[in-house]
Amino acid sequence: MADQTVLSPALLEYARSVSLRDDAVLRELRELTAALPGGRAMQIMPEEAQLLALLIRLTGAAQVLEIGTFTGYSTLCMARALPPGGRIVTCDITERWPGVGAPFWRQAGVADRIDLRIGDAARTLSELRAHEGDGIFDLVFVD
């Protein structure tokens, strides 16, 4: 939720100016997403995505599950943080919004780490459990 904080706009801008580590790919995807209908309300804050990437690096998480992809900004941030051979399974109900982010995943060179699952998340999770068993994910992000 890109702008849903209790910080003043000036304080948020200052925090982002000294701490945000967006590159051109992330910035373009974030700006494109914000311009979509409901995009600002649906997108996570870039600081949150940075925190998720940090958690992946700190814990050494290699298998990540994300429920709720939208345009895949957080997906991209987490995929970049994965160790070699890592993967993120990201679930969304429609191909429409993840389709916006997929070219950015390819541009960033992490599309091979992203396993996009389209459909009802409950069914997708049930299928994952049936095929891969319990306890396969090191980190789960429910968005």
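Values as computed for the structure displayed
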quantity	calculated
Amide hydrogen neighbours beyond the local backbone of L116, cut-off 5 Å, H modeled	T90
Rounded to whole Hz, the Karplus (6.51, -1.76, 1.60) HN-Hα couplings of region 77-85, x for glycine and proline	4, 6, 4, 5, 7, 5, x, x, x
The chain: proportion of alpha-carbon pairs further apart than 24 angstrom, %	29 percent
Simple spin-label estimate for I118 and D134 in nanometres, 7 Å along Cα-Cβ	3.3 nm
Backbone HN-Hα couplings from phi across region 103-115 [Karplus 6.51/-1.76/1.60, Hz, Gly and Pro as x]	x, 6, 4, 5, 4, 7, x, 10, 4, 6, 8, 10, 10
Mean Cβ count within 10 Å, highest first, over the residues of peptides 118-131, 79-92, 21-34	79-92, 21-34, 118-131
Added length on full extension, which subtracts the Cα-Cα distance from 0.36 nm per residue, D23 to L55	9.6 nm
Built amide H within the under 5 Å cut-off of F141, gap 5+	L65, E66, I67
Net dipole in debye of the chain [+1 Lys, Arg Cβ; -1 Asp, Glu Cβ; about Cα centre; nearest 20]	200 debye
For region 138-143, 3J(HN,Hα) per residue [Karplus equation, 6.51 cos²θ - 1.76 cosθ + 1.60, θ = phi - 60°, Hz, x = Gly/Pro]	8, 8, 10, 10, 9, 9
Extension gain, R40 back to Q107 (0.36 nm per residue minus Cα-Cα distance, nm)	21.8 nm
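Read-outs throughout are calculated quantities, based only on the coordinates presented, and are distinct from any laboratory measurement. Every value quoted in this text rests on a predicted model; they were computed, and no experiment measured them. As a convention, Cβ positions derive from the backbone with ideal geometry for all residues, glycine included, and neighbour counts pool all protein chains shown.
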